[in-house]
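Reading through the structure tokens given below for one structure.
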Amino acid sequence: MKQLLDFIPLILFFVTYKLGGVREAAIVLVIATIAQLIILKWKYGAIEKQQKIMAGAVVFFGLLTAYFNELRYLQWKVTLINGLFAVVLLVAQFQFNTPLVKKLLGKDIQLPEKAWNRLNLGWATFFIICMLTNIYISQNMSEEAWVDFKSFGLIGMTLIATLISGAYIYRFLSQHEQKNEGNNRKGEQ
């Protein structure tokens, strides 16, 4: 349910853009994002920091887009947010020796430190690719192409990155399970 709520503002933005235009779509996006935050707070009692940052950016750039009737402000938001995520992941890893991916998933998954570092770098690279792809599409293709990319392309890219991460993590999980099975057999003997 929580993940579905993340897509509702985007779907409403896409439909409204196709039916009404830039200004209307931006207004719907801002209202849907605020409603999403209210629902998350009511249903789950808290809003994650990442969701607050994203919502703040959507409201700020969405209002600029609506006021000026220019899609470029939302295009900048995508570029800036992806760049910000990449920088945060890289600074945390190289400046503070803390892969943030481990902080997010480390409670549920046990991986070697080298694997966490690679996974963190992989996600930083993913955000850089998203940022550069967004810049290319927003500068070289039509407004409609960018809206399609924003609505479906980024979701597809994220799904692929998630599947690749899952496959990468799975290699280590199966090794960890084999090690545990070996230890359990030794204990039974």
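Quick notes on this one:
- The distance between label points at Val88 and Leu104 comes to 0.9 nm (points 7 Å beyond Cα on the Cα→Cβ vector).
- Gaussian network model of the chain, springs between alpha carbon atoms under 10 Å - residue of Ile164, Ile135, Ile27 with greatest fluctuation: Ile164
- In this simple spin-label approximation, Ile129 and Ile164 carry label points 7 Å from Cα along the Cα→Cβ vector, and these lie 0.3 nm apart.
- Of the cross-linked pairs Lys77/Lys107; Lys41/Lys114; Lys41/Lys107; Lys18/Lys103; Lys43/Lys114, those separated by over 29 Å at the C-alpha level are Lys77/Lys107; Lys41/Lys114; Lys18/Lys103; Lys43/Lys114.
- Leading residue at positive end of dipole, segment 2-188 (Cβ point charges), from Tyr67, Ile164, Phe149: Ile164
- Here the gap between Ala145 and Ile34, fully extended at 0.36 nm per residue and compared with their Cα-Cα distance, gives a gain of 37.4 nm.
- For Rg/Rh (Cα atoms, Kirkwood Rh), calculated from these coordinates, the label among (1) 1.01; (2) 1.05; (3) 1.07: (3)
- By the count of neighbouring beta-carbon atoms within 10 Å, fewest first, Leu154, Leu159, Leu111, Leu74 end up ordered Leu159, Leu154, Leu111, Leu74.
- Restricting the chymotrypsin sites (Phe, Trp or Tyr not before Pro) of segment 77-176 to loop positions (DSSP other than H, G, I, E, B) with no more than 14 neighbouring Cβ atoms within 10 Å leaves Phe96.
- Note: relative contact order over the chain, using C-alpha pairs below 8 Å and six or more positions apart, is 17 percent.
Throughout, read-outs are computed from the coordinates displayed, never taken from laboratory work. Since we're looking at a predicted model, the values are computed, not measured. Ideal geometry is used to build each Cβ from the backbone, glycine not excepted, and the neighbour counts take in all protein chains shown.
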